[in-house]
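First the structure, in the form of structure tokens, and then the observations on it.
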Amino acid sequence: MWPRLLLLIGDQIYADDYVGRRKQHRFQAQPDPASQPVPTQSFEDFAAMYMEAWAGDKGIHQVFAVLPTFMIFDDHEISNGWNTSSMWRMYALQHGFEQTMVDGLVAYWVYQGWGNIGTESSDEYVLLTIMQQAAQNSRDALEDLRAHIRQAVYQEHALKWHYTIPTMPPIFVSDVRSDRPAILDRTEPTDVAPRIMSQEQMKELQIWMQDHAAHTTVLVSSVPAILPPMIGFAEYVMGVRPLQQASSGLLRRLGRVLAHMQQKIALRMSFDHWPVFGATWHELVALLSTRKHDIIILSGDVHFSYSISARRTLLPTKRRPALHQLVASPFRNVLEQRDKRLVVGQSWIKRGLYGGFYTAMLPLRLAKGARRVPHDMLFQNVVALVTFWPQPGNEGQYDIRQVYLGVKNEALEEVGSINNG
């Protein structure tokens, strides 16, 4: 069966290791500029990385030539950990990171972003208008793009990077990296509800889900929404703010101290997936509660592959919709052994309950047999083929099969599969 489209979900380039091989600083909540200097990257540096990303790989060239390809950024298109927390952008701007953010986003738009936009919705994307006007006037669009993106970096206006694909089932490709609200003033960060996307984008997603209530829907998120149970629970706990709305001033102060501790731990552990962003997490839970059909989430980022389901009820029933998280990662950047040991160490826990969801790992089967893959996870470079079959007599619902393909002897072969039907 020939694929209908290809989705590249984040980290198409690694700007942390760009042309010249100078290592780029990863910003923490409060970076020390004396010990961690920040090199400046230019548009030309980013452009070179995009042009060289697939250079020399004729097989990839053929794939891109024959398959409609859609993309979205995550963090490495700018910097490792970009926009991890609400304070990240302010500290980055204070330490000379403005041009890197601006030129990194300009390069993403020029080499990837504009290709995602259908002609029927082009008027919603001001950056596309800038490029069209520049082409009509035979002039370079670079400075106009820089100016507009710089204003967005300072939150003077919002830029729309998310988009939809009119397939069946329909696809919503979200922006869960640049659209995380940033604090650029003296606002106390613990007083701000943690969000992985803006209220505006969430509202668009909710309306889009309502418009497609009669069908299973596909949500693309560069970072997973549902993580293996132990990891997901740990992230969720770091995002809970139990005393934020307390009536007692003493309890609120205690809650602020607790929130600071939670934020430090989350940054230390690189927790930046949906569960740690409490406000949008609960909106996602509520979103599933309004559905008659399943939601499928496609993600990458974590450098290991797995699938997991989440439900609002403990016992699965065909009448209650589920959220199925399918993760294919990495494509060509395997997990370090230390991190792999940590992931494997918690993998014996297959089910979890937190934040309004009952979660359960889906069994990952080895190719050409019924044996399960150890830990129901893959740690090799893979690409995933997801197939949807309409269920007879159940309009709008689909049976789903995901096949993981790895490379052996310069050819793709099945290394694991998941069936959900």
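Observations
- Test result for ARG195, charged (D, E, K, R), closer than 19 Å to GLN262 by Cα, out of contact with any strand residue (DSSP E or B) (no Cβ under 8 Å at 6 or more places or on another chain) and assigned to a loop (DSSP other than H, G, I, E, B): yes
- Counting only strands (runs of 3 or more DSSP E) that sit wholly inside segment 294-404, those with at least 1 residues that are without any contact (Cβ under 8 Å) to a residue 24 or more places away in the chain and either within 20 Å of the chain's Cα centre (by Cα) or more than 18 Å from PRO228 (Cβ to Cβ) (or both) are 383-390.
- Scoring SER299 on the criteria (1) out of contact with any strand residue (DSSP E or B) (no Cβ under 8 Å at 6 or more places or on another chain); (2) of a type in the set (S, T, N, Q); (3) at pLDDT 95 or above; (4) crowded, with 17+ Cβ neighbours inside 10 Å leaves a single failure, condition (1).
- Helices (runs of 4 or more DSSP H) completely within segment 219-291 that count 1 or more residues being exposed (fewer than 14 other Cβ atoms within 10 Å of the Cβ): 249-268, 278-289
Quick grid of which residues meet (1) of a type in the set (Lys, Arg); (2) in contact with a helix residue (DSSP H, G or I) (Cβ under 7 Å, 6 or more places away or on another chain); (3) outside the structural domain of PHE73 (by TED's automatic domain parsing); (4) assigned to a loop (DSSP other than H, G, I, E, B):
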{"residue": "ALA135", "(1), (2), (3), (4)": "no, no, no, no"}
{"residue": "ASP140", "(1), (2), (3), (4)": "no, yes, no, yes"}
{"residue": "GLU143", "(1), (2), (3), (4)": "no, no, no, no"}
{"residue": "ARG186", "(1), (2), (3), (4)": "yes, no, yes, yes"}
{"residue": "THR190", "(1), (2), (3), (4)": "no, yes, yes, no"}
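- Taken together, the residues in segment 1-41 that are in contact with a helix residue (DSSP H, G or I) (Cβ under 7 Å, 6 or more places away or on another chain) and modelled with pLDDT under 90 amount to 11.
Here's the yes/no breakdown for (1) surrounded by 14 or more Cβ atoms within 10 Å (Cβ to Cβ); (2) over 21 Å from the mean Cα position of the chain (by Cα):
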| residue | (1), (2) |
| --- | --- |
| TYR50 | yes, no |
| TRP54 | yes, yes |
| PRO68 | no, no |
| HIS76 | yes, no |
| TRP114 | yes, no |
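- When the test is whether a residue is polar (S, T, N, Q), crowded, with 19+ Cβ neighbours inside 10 Å, touching a residue at least 24 places away in the same chain (Cβ under 8 Å) and assigned to a helix (DSSP H, G or I), THR84 does not pass it.
- Every listed requirement among (1) closer than 21 Å to HIS148 by Cβ; (2) in a loop (DSSP other than H, G, I, E, B) is met by ALA92 save one, (2).
- When restricted to residues that are touching a residue at least 40 places away in the same chain (Cβ under 8 Å) and assigned to a helix (DSSP H, G or I), segment 109-131 contains 7.
- Among the residues of segment 125-167, those identified as out of contact with any strand residue (DSSP E or B) (no Cβ under 9 Å at 6 or more places or on another chain) and under 21 Å from MET209 (Cα atoms) are LYS160, PRO166.
The values are calculated or read from the model by the stated rules, or taken from the named source; none is laboratory data. Predicted, not measured: the structure shown is a model, and the values here were computed from it. As a convention, Cβ positions derive from the backbone with ideal geometry for all residues, glycine included, and neighbour counts pool all protein chains shown.
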